[in-house]
1. Once whole DSSP H runs in chain A are found, which of them have Cα atoms spread over 15 Å or more along the helix axis and a mean Kyte-Doolittle score of at least 1.6?
2. In peptide A:90-99, how many Cβ atoms from other protein chains are near each Cβ within 10 Å, on average?
3. Place a point 7 Å from the Cα of B:Phe81 along the Cα-to-Cβ direction; which residues of segment A:100-136 have their backbone N under 17 Å from it?
4. Which of the listed residues, B:Gly108, B:Cys43, B:Ala177, is farthest toward the dipole's positive end in the protein assembly as shown, when Lys, Arg count +1 and Asp, Glu count -1 at the beta-carbon?
5. Using the alpha-carbon centroid of each, what span in Å lies between segment A:26-70 and segment B:8-61?
6. Past 22 Å, Cα to Cα: identify those pairs from B:Lys31/B:Lys59; A:Lys87/A:Lys108; A:Lys88/B:Lys60; A:Lys28/A:Lys104, in the order given.
7. Hey, rough spin-label estimate for B:Lys124 and A:His27, points 7 angstrom out along Cα→Cβ, what's it come to in nanometres?
8. Gaussian network model of chain A, Cα springs within a sub-10 Å range: biggest mean-square fluctuation belongs to which of A:Tyr95, A:Tyr55, A:Tyr69?
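Rule-based calculations on the coordinates, nothing more; no lab input. On a predicted model such as this, the values are computed, not experimentally measured, just so you know. Glycine gets a Cβ as well: all are built from the backbone with ideal geometry, and neighbour counts include every protein chain shown.
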Amino acid sequence: MKNIDKKIDFETRSLDTVCINESHLEHKWYHNIKYLMVGLLFGIIFIKAEIISWYRIQEMFRFQSFHMYGVIGSAVIVGVISVFMIKKLNIKTIYGEKVEFHDKKFNKGQIIGGLIFGLGWAITGACPGPIFAQIGTGVTVMIVTLFFAIVGTWVYGYFRDKLPH
Amino acid sequence: MLEFLKQPWPWYIAGPLVGLTVPALLILGNKNFGISANLRHACAACLPANISFFKYDWKKEIWNIFFAVGILIGGVIAFSFLANPNPIIINENLRTELASYGITNINGMLPQEIFSWENLFTIKGFLMMVVGGFMIGFGSRYAGGCTSGHAISGLSNLQLPSLIATCCFFIGGLFMANIILPIILSL
């Protein structure tokens, strides 16, 4: 493990992505297996709680079922308590690093982009995580949806400077 | 035990487990839960095209790609070994509405009468799989995150921008599900 500190690179990465890797440590690739395991458990929860079900998403947006509200609501409550505890008790990572939090800045993208994302969410019944689980259940055509989600991301990057933020 | 696991899991089991993903990733290595970033990493890895938004060291974020592959494998495992043997129960009003569009087979996670390779080149299939996918990718990056990054991760850290984004996700979803989707499904 060696410490790396590329400030400029970090700023580019954190530009507006919420998925920032805060760790300043560099590990061998196999350290990533633990994230694969968390993802694996997460995928099983997705399927078993039918969070990735197109029907559950339709029920949610038609106010026909409490299920998805219960899932998201209780997930947020547990998340809030967890983050509070990490800050309060100053819990470190398993490598002894301090857990870092960054405040998000508001920009118009959260409104415009949010609305567009919502349209896509309701039409496909998928967000970027569930697409992977949907493919896993054998609906291979969702690979096409995933591909066009990547295309959409690329097109956003291409026109980013011209879009209102 | 296996029989129990095969049942659909209730929200009060699944929700807290999803929430625990946030501290799990933070404690395992200071990682912020957010899956849509993988779409950006895919762009950065495959076709950065000299766009500054994609010029960064994506290899540093490879943990997230492992995470996404894990979700896919989890999907395979749950589908192969923990599949619910009973038919999926959906709201009667929704069932009636879908039947009026000719969607009667409600097995699986997605209606097979729409989400199939054969339908990809119909107008309905194109709008739902191709345009839908595009909107997910474009919208989530424009918003700076998706359901995991904003609605779960961001709200867990009490971020106002994430609350705004989450509300907009819902407004967009309500509009699509109730106003536009019925038209598309009638095509």
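1. Helices meeting the criterion: A:33-48, A:142-159.
2. Partner-chain Cβ atoms within 10 Å, mean over residues of A:90-99: 3.
3. What the label zone holds, given the 17 Å backbone N cut-off, is A:136.
4. Value computed over the given set: B:Cys43.
5. Centre-to-centre distance over Cα atoms comes out at 13 Å.
6. A:Lys87/A:Lys108; A:Lys88/B:Lys60; A:Lys28/A:Lys104
7. For B:Lys124 paired with A:His27, the spin-label model returns 4.7 nm.
8. Highest fluctuation among the options: A:Tyr95.
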